[in-house]
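Heads up: the structure comes next, in structure tokens.
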Amino acid sequence: MLLLPLQLGGSASLLAIGFAILFFFIIIISFIRRYKRCPSDRILVVYGKVGSGNSAKCIHGGAAFIWPVIQDYEFLDLTPISIEVDLANALSRQNIRVNVPSRFTIGISTEPGVMQNAAERLLGLGMQEVQDLAKEIIFGQLRLVVASMDIEEINSDRDKFLTNISKSVESELKKVGLKLINVNITDIVDESGYIEALGKEAAAHAINAARKSVAEKNRDGSIGEANAVQDERTQVAAANAKAVEGENVAKIDVANSDSLRRQREAEAERTAIAAEKVQSAKALEESYAAEKDAEIARAERERSSQMADIVVPAEIDKKKVEIDAEAEAEMIRRKAKGEADAILFKAQAEAQGILEVLTKQAEGLDRIVKAAGDSPKDAVLLLVADKLPELVKTQAEAIKNIKIDKVTVWDSGAKTEDGKNSTANFISGMYKSVPPLQEMFNMAGMQLPEYLKGKEIPDNDAAEGDTKKPDKDTKEE
């Protein structure tokens, strides 16, 4: 019992959804159908509530959406309309009645302003109604144009006549939204035959002008013929004279040409003989040169062979000597490098030993200075006193070989400028030859003996020398 209401409620919902979808599709299709596209040979006119204060909206070559209820649309056909207008008994400015058969081609204009006029005045009219309206406008304007012109202008100046018709007719057609496309005027006739008379007059003038032109041309032809005969005879005579002159000039030219030809032949023969001799000489020269080159090549080959036999072994020996010399130099360099390294190591060892000795000496001297009560002078005296026996021994070694008992001094007794005699000078010189110990003894605080200080020898000592012979001043060992 409960399932039946549920099934009924579900069916109602599905029906509601189906109707909603159908309604939505109908609306979409309606909107699509209301979207109108305008072809190129028509004008789409939308009327109704179009806004902008206009009674209609014209579209050419586009599309527009037509709102339902508030808007509607129609098309204006742009197909050209051909209208035959046979204007009869139209008065010209000279009050001459003329007939102007013509054909006009018109159509609805696509200019914005003129297209709006067509929408307001031609919308809803059929093709015949539009044609009749345009025909009436053309008749009226064509009569005005004919009335403003003379017969001569209408007949002779067709371009001006067509220009006036186009301006007058087109300005009126625009007021109803039309446009003049083409104007074609056929033969213009009048009832009085004025245009025909003008044609006959023009024909007569043309015939007379033609006859006059023919006579003038005949006259000009006779005169021209006589002038041509005269010119012919004159030109023939001049041509004959020029021909004779030309013949003479030609004969002279022939003679000159023969002379020049003979000169050229002689010159060519001389040149040919000289050229043959030159070529022969050149051939001999080239053969000699070729033989010379061959001899030189042969000598060069022999020299190359000798060089190969002598120089190549010498070069090989030279390269061998150079290689041996380089090997020996490399051995000497390596040996010298080894000796230098040994010397360097020895020098470094000796320097290290000297450094150790000097270091120990410096430590000993430092101790000596400290033992002397930090007095450098006393420390020096202690060192000199320690070395004094060795110094005295060295001094004694310097003069120990002198045999004093074998020295004989001959002294004349004369004294020098400083008051010394020859014997004193001898002893002083011998003292000077001894190393300077006095300074060392003075630094040590001791005194040398008086006989080593260079004191003057007493007079009794010098008197012993007076017994010697005064004329002898020599030394003898």
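All conditions but one from (1) surrounded by 15 or more Cβ atoms within 10 Å (Cβ to Cβ); (2) in a helix (DSSP H, G or I) apply to Lys167; the one that does not is (1).
Being over 30 Å from Ala147 (Cα atoms), surrounded by 12 or more Cβ atoms within 10 Å (Cβ to Cβ) and not polar (S, T, N, Q): is that true of Lys36 here? Yes; evaluated as a whole, the condition is true for this residue. When Val69 is tested against (1) in contact (Cβ under 8 Å) with a residue 12 or more places away in the chain; (2) more than 30 Å from Val189 (Cα to Cα), only condition (1) is not met.
Which residues, counting only those in the range 104-124, are surrounded by fewer than 14 Cβ atoms within 10 Å (Cβ to Cβ) and more than 60 Å from the chain's Cα centre (by Cα)? Matches in the range 104-124: Gly113, Gly124. Of the residues Glu315, Glu390, Glu356, the single one that is in a helix (DSSP H, G or I) and at pLDDT 80 or above is Glu356.
Any residue at all in the range 89-103 that is under 18 Å from Leu173 (Cβ atoms) and surrounded by fewer than 17 Cβ atoms within 10 Å (Cβ to Cβ)? The answer is yes; a qualifying residue exists. Of the residues Ile138, Ile108, the single one that is in the same structural domain as Glu84 (by TED's automatic domain parsing), closer than 22 Å to Gly48 by Cα and among the β-branched types (Val, Ile, Thr) is Ile108.
The values are calculated or read from the model by the stated rules, or taken from the named source; none is laboratory data. The shown structure was predicted, so the numbers you read here are calculated from the model rather than taken from an experiment. Heads up, the Cβs are rebuilt from the backbone with ideal geometry, glycines too, and the neighbour counts pull from every protein chain shown.
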